[in-house]
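Peer 1: Take a look at the following structure, please.
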Ligand code: SF4
Ligand code: SF4
């Protein structure tokens, strides 16, 4: 008889829920392996498995495993597999699988307050100019009255330009939404080129404010110069950020990565760390709007596989530094819940533009005219919300279960078919992901998980309370 392994199963909890998860112990239950257990590699004398539905990475001693593909585990170790929750009561295991809800209403509104901007970003997806329109508040009233008042609503005060340029409209929109909904949260994404008076208003009214900064001065001012050539955009944005930080705010940024700045991703990360940023969203440029008009390093997207490898290294460091890293390229393993829809565009969300058109995704505004563009799914007309049911259905059904090639992918519950807008821009289909992006996402994940496994095996203490590395 073979000698039993003295090794134990170890695991990494990627989120707080994973720490809190408890198996039900009801008697008479049949046990089964947790659904969607994916083999992702090996490290020393362990095989690595990813369980997206339990939000964990498992390290299983090689002796426990007969085969990794398909996964077959030795019966004599079933007690350890049950103890480590890799085997669960049948009902509990099946209940982990997320379902698609096609009857829900999105609780997400993004208001395009203005198409004007005081920045001159090389890659602007909206092609924002100094002159342009502001939101029509009658349209906004029609939209919010169309939604149930008891909805817990998230409102993004946004722009296909800079939202604070339309400060009067922004304040009125805030008041209207506050009056209409009992539970409402506001956020904004801004370049920070505004006055102290505006800053005070945003702080006083608890608008969750994230700053658009592309890194240290030499990168930021190259990619996002202020329109006014006398203004040093970087200095002004930093001045505003510091003012927010004096009020214990201003710790969240979005940084757009171009072919140029991808070379400096580590410097960018170190810069954000040095200025006390706690949440960094690193978004590769998307080839629409101004980015499509020019062909050079500050307009072009980075090579996606190079970006993915840089991103994995930064993510591994950020984990130790307790800094949250996220990206439109790939949602964070430490915040994103398993879901069959990639983003709010599938719900679809309400992006209200300055013409009263409603889109599912603001970045997709300029890819085609509204009649042909699948993201324009409703509009305000004669004080009513008119829905194009065909387009709405198409968006709602663009979830992972209907995506080309996703059902066996180990990222199916986190990537869930990828960005619809990028799928459409590249392949003219919402449901056909970009193959090179899929490969880059998988490579990124393997590198990052392998690093986390290394931390675990080296016995580093549990790190980052919100991203929760825990070993058993
Ligand atoms: S990486 Fe590609 S195949 Fe995998 S879930 Fe995302 S889009 Fe689908
Ligand atoms: S479709 Fe892409 S760009 Fe649009 S909201 Fe979804 S993830 Fe964002």
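Values quoted throughout were computed directly from the atomic coordinates according to the rules given, and no laboratory measurement underlies them. The structure displayed is predicted, hence computed values, not measured ones. For neighbour counting, all protein chains shown are included, and Cβ atoms are generated from backbone atoms with ideal geometry for every residue, glycine included.
Peer 1: Can you pull a Stokes-Einstein diffusion coefficient for the stretch 202-289 at 10 °C (1.306 mPa s), Rh from Kirkwood over Cα pairs, as a whole number of µm²/s?
Peer 2: 117 µm²/s
Peer 1: In Å, the Kirkwood hydrodynamic radius of the stretch 1-145 over pairs of distinct alpha carbons?
Peer 2: Kirkwood radius, the stretch 1-145: 19.8 Å.
Peer 1: Mean 1/r over all different Cα pairs, inverted: what Kirkwood radius does the stretch 299-391 give, in Å?
Peer 2: Evaluated over the stretch 299-391, this radius sits at 16.0 Å.
Peer 1: Could you work out the Rg to Rh ratio of the chain, with Rh taken as the Kirkwood radius (inverse of the mean 1/r over all Cα pairs)?
Peer 2: 0.99
Peer 1: Sticking with this one: Size of the stretch 314-472 along its principal axes in angstrom, Cα-based, largest extent first?
Peer 2: Rounded to whole Å, the extents work out to 64, 31, 24 Å.
Peer 1: Write down the Kirkwood hydrodynamic radius of the stretch 1-82, to one decimal in angstroms, obtained as one divided by the mean of 1/r over all alpha carbon pairs.
Peer 2: Across the stretch 1-82, the inverse of the average 1/r is 13.7 Å.
Peer 1: Here's a follow-up. What ranking, highest mean first, results for peptides 65-72, 185-192 when packing means the other Cβ atoms within 10 Å averaged over each residue?
Peer 2: In decreasing order of mean packing, 65-72, 185-192 become 185-192, 65-72.
Peer 1: Using only Cα atoms, find the angle between the long axis of helix 304-321 and the longest principal axis of the chain, and express it within 0 to 90 degrees, rounded to the nearest 10.
Peer 2: Around 80 degrees separate the two axes.
Peer 1: Considering all projection directions equally, how large on average is the shadow of the alpha-carbon convex hull of the stretch 108-389, in square nanometres?
Peer 2: For the stretch 108-389, the mean projected area of the Cα convex hull comes to 14.9 nm².
Peer 1: Please work out whether the stretch 125-187 counts as rounded, prolate or oblate from its C-alpha gyration tensor, where a ≥ b ≥ c are the square roots of the eigenvalues and a/c under 1.5 means rounded, while otherwise a/b larger than b/c means prolate and anything else oblate?
Peer 2: In terms of gyration-tensor shape, prolate.
Peer 1: Shifting gears a bit: For the stretch 374-440, what is the largest minus smallest coordinate of the Cα atoms on each principal axis, given in angstrom and ordered from greatest to least?
Peer 2: Cα extents, longest axis first: 47, 20, 16 Å.
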